[in-house]
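Inspection log for the structure reproduced underneath, given as C-alpha cells.
The values are calculated or read from the model by the stated rules, or taken from the named source; none is laboratory data. Just so you know, these numbers come straight off a predicted model, no measurement behind them. Cβ coordinates were reconstructed from backbone atoms using ideal geometry, including for glycine residues, and neighbour counts include every protein chain displayed. All accessible areas refer to the heavy atoms of the entire protein, side chains included, with ligands and DNA or RNA removed. Shrake-Rupley method; radii C 1.70, N 1.55, O 1.52, S 1.80 Å.
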Amino acid sequence: MTGAIALKGMTWSDPRGYDPLIAATAEFEAANPGVTITWDKRSLQGFESTPVDELAAEYDLMIIDHPHVGAAAREGCLLALDASIPEEDLTAIANETVGKSYASYTIDGHQWALPVDAATQVQAHRPDLGGRAATWADVKEAALQGAVILPMRPPHCLMCIYTLAANIGHPCGSDRERLLPGDVARTVFSQLKAVTDHIDPDCFKMDPIAAMDRLAEDSSLRLAPLTYLYKGYANRGYRAHRIAFTDIPVLGSFGPVGSALGGTGLAVSSRTRQPELCSRFVAWVAGADCQSGIYARANGQPGNAVAWGSAEVNEPVLNAYWNTRLTHEAAWLRPRHDGYMAFQQEGSEIVNAALTGETGIDVAIAALDAAFAASFREGA
C-alpha cells in the first residue's frame, strides 16, 4: 500500500472497549504500512446514548450499541457491510457469533456493524463470600440480608424489566401498542421491587461498572443478580477481589433465558474515504483469529464463539464465558426501530419512578405502554 492513510475511530473508555482495539490496530498497521488508526474514547453513558450520525460525521470507524441501528439505517450514516465485505467472510462471522450478536446489527436487509464484543445481563458474585443464586427467590433472600447490589441507572433499570419479563415467557415489545400485558408487568415490577427495596439507594445512580467496582471492594455485598458481563473483574489483580460471572438466576421455569442483550459492534461511517480498508479492518477484528488471539489477550471481551470456547481465553477470567454461555445464547434482542432510543431513556425514568415510590406501578405500566407506542410514531 502506497501513501499515508490516516483513519479515526471512536470507542468507549472502559479497558474492555479501548485496549483490544489499540492492540488490534497496532497489528493491522504493521501488516499495512502507511495506514494509521487513531482511537478516541467516550464514557459508557456516552456510548449508550450518543446518536450514531454524530459519530459518523467525524469518524471513519466506531463502536456502536445495537439499539441505534434503526435510526442509523434511516439516516444512511453507516456503510452497509454486506456490500463491502465478501459474503463468505460474513457467513463465517455470523456462524461463529455468540447468540444474537450478529443479528442485532442486521436491519432492513443490511449488516450495519459486526459484533466484536458479546455481553448480556448475567449474574455476578464474590466467590470468596459464597456461591451464586440459582433462583430469583435466592436473590430476594440475599437482598433481605443486605448482600445485593444492582445497577439501576438508566437504561439498566429497564433492562432488568426486560430480562425478568422474558425469563417468565413474556418478552417485551411483541405488541406495538403496549410493552407488556398488565398482569405480567405487575408481576415483574413486584419481583424487581422486592429486591430494590433492600438495596443501597445509590444503586439508582450506578451503571454496571460502578456496581462491579463496589462489589469488588465492599465485602458486605456478595451478589449482583443482573449486570452486564464485564470480564475484567474476573481477572486476577484487576480489583481487590475477583468477581465470578455465571448464568442469570431464574424467575421462570425455562432456565436462563431472556436476558436483555448488550455487547458492541464495529461499524464504518458511510462518509469515510476508505470504505474498503475500513471494512477489511472490521472483518478482521470480528474474525476468529483476532478475537481468540490478540483481542482476548488485550483485555477484550470477544463476541466470537471460537474465543468463547477456548480454554486459554476462559482460564484467566474464572471461566466467565463458559459459565454464562447459556444466558448469552438465549438472550433477548431488544427493539431497534427508529424512535426506540428516546423510549429507552423515557422508559427507564418511568421504571425508576415506580421502583422508588414516586409513582404507582399501575401508573408506570400505563406510561410505559403509551411511551412505547409513541416511539413507533415518532420514528416514522
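Quick look at the values:
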item	result
Inter-residue pairs, beta-carbon under 6 Å, first closer than 17 Å to residue 127 by Cβ and in the range 207-222, second part of a loop (DSSP other than H, G, I, E, B) and open to solvent by 40 Å² or more (accessible area, probe 1.4 Å), 6+ apart	216/239; 216/240; 216/241; 217/240; 222/129
Selected residue (criterion: farthest from the chain's Cα centre (by Cα)) from residues of the range 160-201 that are in contact (Cβ under 8 Å) with a residue 60 or more places away in the chain, more than 16 Å from residue 364 (Cβ to Cβ) and crowded, with 17+ Cβ neighbours inside 10 Å	168
Qualifying residue in the range 270-277 (condition: modelled with pLDDT of 95 or more and over 23 Å from residue 55 (Cβ atoms))	no
Residues that are of a type in the set (Lys, Arg) and assigned to a helix (DSSP H, G or I), drawn from the range 168-225	186, 193, 205, 214
Checking residue 124 against (1) more than 26 Å from residue 22 (Cα to Cα); (2) small (Gly, Ala, Ser); (3) open to solvent by 10 Å² or more (accessible area, probe 1.4 Å), the condition it does not meet	(3)
Among (1) farther than 30 Å from residue 189 by Cα; (2) among the acidic types (Asp, Glu); (3) open to solvent by 30 Å² or more (accessible area, probe 1.4 Å); (4) in contact (Cβ under 8 Å) with a residue 12 or more places away in the chain, the one test that residue 60 misses	(3)
Lone unmet requirement of (1) over 27 Å from residue 192 (Cβ atoms); (2) touching a Pro at 6+ places or on another chain (Cβ under 8 Å); (3) outside any strand (DSSP E or B); (4) hydrophobic (A, V, I, L, M, F, W, C) for residue 240	(2)
Any helices (runs of 4 or more DSSP H) falling wholly within the range 270-329 and containing at least 3 residues that are closer than 24 Å to residue 245 by Cα and either in contact with a strand residue (DSSP E or B) (Cβ under 7 Å, 6 or more places away or on another chain) or open to solvent by less than 10 Å² (accessible area, probe 1.4 Å) (or both)	305-308, 320-329
Pairs with Cβ under 9 Å, 6+ apart, first in the range 352-370 and farther than 22 Å from residue 340 by Cβ and part of a helix (DSSP H, G or I), second hydroxyl-bearing (Ser, Thr, Tyr) and open to solvent by 40 Å² or more (accessible area, probe 1.4 Å)	361/190
